[in-house]
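Since the structure comes first, as C-alpha cells, the remarks are kept for the end.
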Amino acid sequence: MKKYTYTDKKDTRSGFGAGLLEAGKQNDQVVALCADLVGSLKMQDFINAFPERFFQVGIAEANMMGIAAGLTIGGKIPFTGTFANFSTGRVYDQIRQSIAYSDKNVKICASHAGLTLGEDGATHQILEDLGMMKMLPGMTVINPCDYNQTKAATIAIAKHHGPVYLRFGRPVVPIFTDPDQKFEIGKAWMVNEGKAVSIFATGHLVWEAILAGEQLAEEGIDAEIINIHTIKPLDEEAILASVRKTGCVVTAEEHNRLGGLGDSVAQVLAKHYPAPQEYIAVNDSFGESGTPEQLMTKYGLDSKHIVIAAKNAIARKQK
C-alpha cells in the first residue's frame, strides 16, 4: 500500500482561487462573477489581476446566473462564485432554464458545501447539490479532494466547453495530491490498489478513505481506494474494473446518501455487476451547527465509519 503524507493543510476554496487566477492568465475570455462573497470564494487575486473582467453582482444569485449565461453569447467563459447552497438550491430554475437547457459555457463554482460549512448550520449546509446538478442534462459535476486538485480542476474546466458544477469547501484539509497534476475530467484516480474491497470516495472523504485504508491494512485487509472526483460523467470503466476484482463496495461522500455518488455507483453495479455496497453519507437528514470535525464524526463521515462499512461489505460478500 502506498503511504500518503502531507506537509501542509489548506482549504479547497483557496485552490479554486489559485486556479481561477491561473485560468485567467491562460485565457483572456475567462471572467468572474460573485454574489457578495469575494473573500469567502478567494477571488481577490483574480480581481487584482483582471479588475475589468470581474463583476460584483451583490446578493442576487439568480441574476448572477442570468448574467453569466448572457456573457457566454459573446464568447466569454464566466465563473460564478457563491456558497454551494446559493449556487444550486436558490437558483436551480435559472441554472436549468438559462444554462443547462441551452448548453451555456458557464462554470458554477460552489464553496462551503456539505456539513463542513460547520457552525452556520443546516440552512447553509446543502447536502443535495450533487444530486440536483448531476440530474441536469449536459452538466458536468466535479468534487475535488484537496487544494492542489481543486486548483487543477479549476484550470481544466476553463478549457472544457459546456456547463460545469465545481464543488469545494471551507475547512482546512491535508494537501496530498501532486501540485503539477493533470486533471482529467471524467477519469477516476487510483489512490491505492487492493483486492478485498473497493472504496470509492469523493471530496473531503478521500483523505478519510486513505486513513481508513491504513487502518484496514493493519488488520490484514487490502482495500482498493479510488478518488471519484468527477461525479458526472462517471468513470464506469474504473468502477467496474475495481469491483470485478474486489467483489464489494463502499462509497464515501459528504452528501445525502440519496442522489449522490453512492446512487451513481449503485446504478452502474445494478446494470453491469451487482455487488454488496455500503454507503458512507448523511442518512437522509439535514445537518446542524457544530465544528466540521464534530459533524463529520456525528454523521459518520470519517475513517472509523469507513472501516466499519468496509468490513460489513466484505462480510456480505462472503455470505
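What follows draws every value from the coordinates through simple rules; no lab data is involved. Predicted model, so just to flag it, every value in this text is computed and none were measured. No Cβ is skipped: glycine too gets one built from the backbone with ideal geometry, and neighbour counts run over all protein chains shown.
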Positive end of the dipole of segment 189-318, charges at C-beta (+1 Lys, Arg; -1 Asp, Glu), about the Cα centre: which of ILE308, PRO233, PRO274 has its Cα farthest in that direction? PRO274
For every helix of n ≥ 4 consecutive DSSP H residues, a contribution of -39,500 (n - 2.57) applies; sum these over the chain, divide by its total residues, and give [θ] at 222 nm rounded to the nearest 500 deg cm²/dmol. -11500 deg cm²/dmol
Show me 284-294, 261-271, 138-148 ranked by packing, highest mean number of other Cβ atoms within 10 Å first. 138-148, 261-271, 284-294
Name the residues whose placed amide hydrogens come within less than 5 Å of the amide hydrogen of VAL141, ignoring near sequence neighbours (fewer than 5 apart) on the same chain. TYR165, ILE231, LYS232
So what are the ³J(HN,Hα) numbers for segment 252-264, from phi and the Karplus equation (6.51, -1.76, 1.60; θ = phi - 60°), rounded to whole Hz, Gly and Pro as x? 9, 7, 8, 6, 4, 5, 8, x, x, 4, x, 5, 5
So for segment 135-283, if I pair up every lysine 8 or more residues apart or on another chain, how many of those pairs have alpha-carbons under 25 Å apart? 17
What is segment 189-318's relative contact order, in percent, from Cα pairs under 8 angstrom and six or more apart in sequence? 29
For the chain, longest principal axis from Cα atoms; helix 205-218 axis from its Cα atoms; angle between them, nearest 10 degrees, is 20
Where a Cα-Cα gap under 12 Å defines reach, which aspartates and glutamates qualify for LYS3, not counting those fewer than 8 residues away within the same chain? GLU193, GLU214
Simple spin-label estimate for ASN63/ASN27, 7 Å along Cα→Cβ, in nm, reads 2.7
Explain nothing, just the number: dipole magnitude of the chain about its Cα centre with +1 on each Lys and Arg Cβ and -1 on each Asp and Glu Cβ, in debye rounded to the nearest 20. 600
Please list the non-local residues whose amide H lies under 5 Å from the amide H of ALA188, H modeled 1.01 Å from N, same-chain partners needing a gap of 5 or more. ASP235
How far is helix 12-26 tilted, in degrees, relative to the longest principal axis of the Cα atoms in the chain, given as a value from 0 to 90 rounded to the nearest 10? 50
